[in-house]
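Asker: Let me give you the structure first, and then I'll get to my questions.
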Amino acid sequence: MESLSNLLSGEGDGAIFPCIADLVVYGLQLSRFTPSDQVPNRQDVTQYLAAWCRDARLSEEACRNWLSDYAVDTLLPISSSSPSSIRHSTKSNVKYVYRSMVPFVCEREDNRFRAQCNNSCRVYNEMQNKTVAVRSEASTATSNETAAAPSTNPVVPLKHVYQEQFRAATQLMRAELAKGTKKWTILDLLKQHGMKTRTGREWTYTTLNVEIRKLEKAPAHKTANGEG
């Protein structure tokens, strides 16, 4: 918190809102969630904080350096990734938020992180309007997608879906291995992009090792087509 306050006094003009202070000091408090709740993951928290940093007018570099340390120090308990993978992923998240101009919308008391909120926060009323606008936009987009969808859609067999996902994962693995990327980082990238194994399962370090060994043994034309 102290390092963040110093950054704001030097580069930003925004205050540290109650929800931000809560996340910075305590991280994601799993005890605040019920078994039926959808619990945010590390990526969700880092993107939320990165959006706030941009809104507070911190430079991308200042946000990246501070948030990388925070993610390792505070969010490691809710992540299965290694510290180096967390740093790499956090830097990617910051770049995405800053380059895509992702807006900061806290959703006040209804925020998905169950972070503390106070109606005395200086952006409390402003965030109500932003929340309404964002939810309305999302609802409109969903309605438009539903209306534009054909009445009958061909069902793509799951096997084909898995093959496509695995082919993309294989290409990513080859590219990252060629760059000398560590396996833990590759695993984090696969999860970050939502890629699945050849059977549609989540990637594990063991599965990744198996597939990498196959890649190293198989001819390039076969692995490019997702064959093993």
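Asker: Find how much the distance from residue 84 to residue 109 grows on full extension, using 0.36 nm per residue of separation minus their present alpha carbon separation; answer in nm with one decimal.
Answerer: Using 0.36 nm per residue and subtracting the Cα-Cα distance, I get 5.7 nm.
Asker: Using a Förster radius of 35 Å, what is the FRET efficiency between residue 125 and residue 26 based on their Cβ-Cβ separation? Nearest 0.05, please.
Answerer: 0.85
Asker: Given a Förster distance of 35 Å, report the FRET efficiency between residue 3 and residue 192 from their Cβ-Cβ distance, rounded to the nearest 0.05.
Answerer: 0.85
Asker: Here's something else I'd like to know. Please compute the modelled spin-label separation between residue 36 and residue 92, points set 7 Å along Cα→Cβ, answer in nm with one decimal.
Answerer: Placing both labels 7 Å beyond Cα along the Cβ direction yields 3.5 nm.
Asker: Now for a separate question. Filter 91/196; 182/217; 91/217; 191/217; 191/214; 95/182 down to the pairs with a C-alpha to C-alpha distance above 30 Å, please.
Answerer: 91/217
Asker: Multiply the residue gap between residue 164 and residue 202 by 0.36 nm, knock off their C-alpha separation, and tell me the result in nm, one decimal place.
Answerer: 12.2 nm
Taken together, the values in this text are just the output of simple stated rules run on the coordinates, not laboratory data. Note that this is a predicted model, so its numbers are computed, not measured. Every residue, glycine as well, gets a Cβ built from its backbone with ideal geometry; the counts of neighbours run over all protein chains shown.
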